[in-house]
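Report on one structure; see the data block that follows.
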Amino acid sequence: MKGIFTTTAWIAILSAGIAAVLFLQPKAASAADSDFPIFLDDSTIVLKTQTVKGVLYLPLADIVRNFSLPYTNDTSKEVFTVRGAGSQVVLTGNTAAISVNNQISQMTSPVLHENGTWLVPVEFLQQGLSRVTATEFRRRAGSPRVFAGRAKPAELTMNSQSQGAFTRLTLRTATPVTLELKRETAQRRAVLVFAPKPIDPVRENIEFKDRLVQSINFTDSDGSPKVVVELTEDVGEIRMLSADENRVHFVDFMRKAELTETGPTPAAPGGARRQEPAAGGKANAASVRVIVIDPGHGGSDVGASTMGALEKDLTLAIARKLRTALQSRIGATVLLTRDSDVPLTSEARASVANNNRADLFISLHVGYSANKADLGSSVYVIQENFAAAKLPATEKRQQLFLPWYLGYRMNRESSAKAATILSEELSSSMPGWSFPLRTGPVGVLASTVMPAVLIEIGNLNNPASTQALLDETFQTKLSTTVAGAVERFSASRQAAK
């Protein structure tokens, strides 16, 4: 038994040695890749990488130098020791096992050592370096970046769509960010730079290509997060629009032949612009291209309430579903006046629509009636003889720009048309529900300079109505119905042109 075990052991050792030799081919099988950033609390470390047999490696000497860690390098024994924070990590060349405070930790890939150069797999940051620096290192699987300590990246999602005359890139982040456009005309490239950093993209690139866009890739290898868009020669102007408190950014790449001949579009706050149709033509099939949805109430203003239901929460939930339905159904740019639980004045809500030059404004509310039998639902437009003098005192104080209170008059007929279509579609598509058309001195509609309506849904004093409003299936059906009505309204405006 002893002889057999010894022979077997030697075979295992010899096999492991052969495997290590085959794996360790840094000159023939390794190549310099891109830089690799480590985002810390208030700084960024950028390291050079090498790929060996498909494994990403980092230079150990650069790591200990950037983190100011004491170390010893015993080249004769091929042992590298890193110390700090009352701990130590011992690495041995060409083995995947490391000693952390005298406890063996096994990595999936070996440490590499040749000609005095030490390379460690990225997983060493989490399994070894974290112990001697007392710092947590976090990495999305396969991601070419690491976040350390209290660094909190904003998660990024990207998608792109062809919209006929233009291609739209939509960038969404979990927290507000600013976006700077840098156009490199000679290289036919647009670079969208994020601030503040860091950013954690769900995907590194989008598999998208059309007549205007060749490729869309995220990169932060130099420590500066950015999206690089390779363009074709057909791209003319690039326009940007920000929404949802800078959590959403729309970037439109316009075809040269479709640009307006009337000059540049006035900028909205933050440099946001909205696309204009070409002179003598139409930019796309729909006339309603920018829609602002206003989830009523917010913050300390909860609106109507009953046990387990607050108007401010219901309006926001329905607004988010309506945004998705509208984007899917008519490919419109859809903005929310609020996408979180924050208070807004009526004037501030109207300003979101006016500043972004919306084609339609929809304010969402939930009703409450002392009569439990009252269904409560209605579609409102502002009454024709509305004037600032008829506003409640609180609304008067909110009026920042007095002339705006007459803005609704320019679109009175269009507002009535939109409201009529909404009333018809909702009343016919929602069994047991009725949405009569009403007028009233609705303050949030007073300052809008586009077609504007207010939809009041249900009665929170009616248990059946409340149960329906809390049901996601009902919310989705309601949103789909409203989106269909908006599509019908858009088509009617297009036909009238």
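A short reminder: the numbers here are calculations on the coordinates, not readings from a lab. Keep in mind that what you see is a predicted model, and the values were worked out from it rather than measured. Cβ placement follows ideal geometry from the backbone for every residue including glycine, while neighbour counts extend to all protein chains displayed.
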Looking at this model, which pairs from 48/182; 182/209; 53/226 are more than 23 angstrom apart at the alpha-carbon? 48/182; 53/226
On the formula 1/(1 + (r/R0)^6), with r taken between the Cβ atoms of residue 85 and residue 429 and R0 of 56 Å, the FRET efficiency rounded to 0.05 is 0.30
For the modelled label position 7 Å from the Cα of residue 103 along Cα-to-Cβ, which residues of segment 49-92 have backbone nitrogen atoms closer than 19 Å? 82-92
Whole-Hz Karplus ³J(HN,Hα) for segment 131-146, in order, using 6.51 cos²θ - 1.76 cosθ + 1.60 and θ = phi - 60°, x for Gly and Pro? 6, 8, 10, 6, 10, 7, 10, 10, 8, 5, 3, x, 6, x, 7, 9
In sequence order, what are the phi-derived ³J(HN,Hα) couplings for segment 297-312 according to the Karplus relation 6.51 cos²θ - 1.76 cosθ + 1.60 with θ = phi - 60°, rounded to whole Hz, with x for glycine and proline? 6, x, x, 5, 8, 7, x, 5, 8, 8, 4, x, 9, 10, 4, 4
Going by average Cβ neighbours within 10 Å, how do the peptides 425-433, 91-99, 243-251 rank, with the highest at the top? 243-251, 91-99, 425-433
Roughly speaking, what is the stretch gain from residue 245 to residue 412, that is 0.36 nm per residue apart minus the C-alpha to C-alpha distance, in nm to one decimal? 57.2 nm
Ordered by packing density, taken as the mean number of other Cβ atoms within 10 Å over each peptide's residues, highest first, how do 194-201, 482-489 rank? 482-489, 194-201
Under 5 Å between amide hydrogens, which residues at least 5 positions from residue 214 or on another chain qualify, with H placed 1.01 Å from N in the peptide plane? 230, 231, 232
When the chain is fully extended, how far beyond the present Cα-Cα distance does residue 114 get from residue 328, taking 0.36 nm per residue of separation? 71.5 nm
List the aspartates and glutamates whose Cα lies under 20 Å from the Cα of residue 197, skipping any in the same chain that are fewer than 8 positions away. 35, 41, 42, 136, 155, 180, 220, 222, 244, 245
Quick one: which residues, 5 or more positions from residue 96 or on another chain, have an amide H under 5 Å from its amide H? H modelled 1.01 Å from N in the peptide plane, none for Pro or chain starts. 111
Taking the highest mean first, how do the peptides 229-235, 63-69 order by number of other beta carbon atoms within 10 angstrom per residue? 229-235, 63-69
Segment 285-497: Lys pairs at Cα distance under 25 angstrom, eight or more positions apart or on different chains: 10
What is the Cα radius of gyration of segment 285-497 over 2.2 N^0.38 Å, N being its residue count? 0.94
Given R₀ = 56 Å, what would the calculated FRET efficiency be for residue 383 paired with residue 202, taking r from the Cβ atoms and rounding to 0.05? 0.75
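Assuming R0 = 22 Å, what is the FRET efficiency of residue 374 and residue 488, from their Cβ-Cβ distance, to the nearest 0.05? Working shown, then result.
Details: r = 28 Å, r/R0 = 1.27.
About 0.20, to the nearest 0.05.
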Testing the spin-label approximation: label points 7 Å from Cα along Cα→Cβ at residue 464 and residue 217. State their distance in nm. 6.0 nm
Applied in sequence order to segment 288-296, the curve 6.51 cos²θ - 1.76 cosθ + 1.60 (Karplus, θ = phi - 60°) yields integer Hz couplings, x standing for Gly and Pro, of 9, 10, 10, 10, 10, 9, 10, x, x
